[in-house]
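Since the structure comes first, as structure tokens, the remarks are kept for the end.
The values are calculated or read from the model by the stated rules, or taken from the named source; none is laboratory data. Keep in mind that what you see is a predicted model, and the values were worked out from it rather than measured. Note: ideal-geometry Cβ built from the backbone for every residue, glycine included; neighbour counts use all protein chains shown. In case anyone asks, the SASA skips ligands and DNA or RNA and just uses the protein heavy atoms, side chains included. Shrake-Rupley method; radii C 1.70, N 1.55, O 1.52, S 1.80 Å.
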Amino acid sequence: MLLGLSALVAFATLSACSGSTTTEATSSSEPATTSTQGRVPTSARYMADMTAADGKTMTIGISVDGAEVAAYACNGIDDESWFFGEQTDGRVDLTSRFRDTLEADFDGSVVTGELTMNGVAFDFTANEVSGLAGMYTAASDGVRASWVVRPDGTATGVQFSGFSEGNRDFDPFNLDEFNDFEVRNDVRPRRNLGPAGPIEFDDGKPHAEINGVGVEPELVTGTFRLG
């Protein structure tokens with residue numbers, strides 16, 4: 001049998017991407033603090049909307065704090081991926097728990113790179129954002145929702161609520177026994193994913209609901225980790 005849902009929600013690739021709209025998430029005029037050591041800000045957030053060659057869409061958020069990097073990508077419907085790691089000389093090369101990949105280069109207020117989700121490549125140029133824009137996530141009763149909020153207040157998010165049963169049991173914390181083909185065709189399809197509900201900022205703080213329960217999503221920084 002699979003691990004309990006409450007344990008599953010704690011790890012990396014869980015979240016949510018819906019086309020919800022916020023009310024006051026606008027960019028601040030205050031720039032991020034920039035390191036004098038190079039082209040990577042000491043603390044900054046970025047986001048981009050992407051379209052693949054086959055027309056599929058994806059949204060990504062990236063946060064950096066010193067060397068630490070966290071990123072979240074989702075399509076607002078039924079796919080998502082978390083990435084965690086470090087940048088070296090302004091370069092990141094990360095692989096998610098479910099074998100998605102993120103390769104990118106920082107250049108001050110811009111991050112350029114390629115995201116590969118379930119074998120589909122998305123080229124992107126992510127601009128720096130501030131104010132209430134960025135990545136957010138929250139959990140309730142074993143279900144996790146995550147969002148990427150744009151400077152104009154709109155958001156894309158996905159909700160993860162565990163795994164469906166299959167012919168083969170597995171430990172989601174250790175997928176080393178699976179090759180890339182097995183992860184893509186056996187493990188990934190068993191994730192229960194759907195659009196996240198709206199995230200709102202009526203009083204300047206994030207608010208949302210997960211299955212009717214009110215939650216206060218947290219802003220994802222470069223040091224954020226799941227699990």
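Taking the 1.4 Å solvent-accessible surface of region 108-227 as the whole, the part contributed by carbon and sulfur is 42%.
Counting heavy atoms of the protein chains alone, residue 57 has an accessible area of about 80 Å² for a 1.4 Å probe. Debye-formula intensities of region 159-227, expressed as log10 I(q)/I(0) at q = 0.15 Å⁻¹, are -0.71 (one equal scatterer per alpha-carbon, no solvent). A compact globular protein would have a Cα radius of gyration near 2.2 N^0.38 Å; the ratio found for region 71-227 is 1.07. The overall shape of region 113-160 is oblate: from the C-alpha gyration tensor, with semi-axes ordered a ≥ b ≥ c, the ratio a/c is 1.5 or greater and a/b is no larger than b/c.
Restricting the calculation to Cα atoms, region 41-125 shows an Rg/Rh of 0.94 when the hydrodynamic-style radius is the Kirkwood one. Each Cα pair under 8 Å and six or more residues apart adds its sequence gap; the mean of these over the residue count of region 120-178 is a relative contact order of 22 percent.
Classified by the C-alpha gyration tensor, region 86-146 has an oblate form. Its axis ratio a/c, with a ≥ b ≥ c, is 1.5 or above, and a/b does not exceed b/c. The modelled label-to-label distance between residue 182 and residue 114, using points 7 Å beyond Cα along the C-beta direction, is 2.7 nm. Candidates 120, 130, 167 compared by Cα position along the dipole of region 97-181: farthest toward the positive end lies 130, with charges placed on Cβ.
Our summary gives region 165-216 a relative contact order of 19 percent, counting only alpha carbon pairs under 8 angstrom and 6 or more residues apart. Take the alpha-carbon centre of region 146-173, take the same for region 56-128, and report the distance between them in whole Å. If we compute the Cα centre of each part, the gap is 16 Å.
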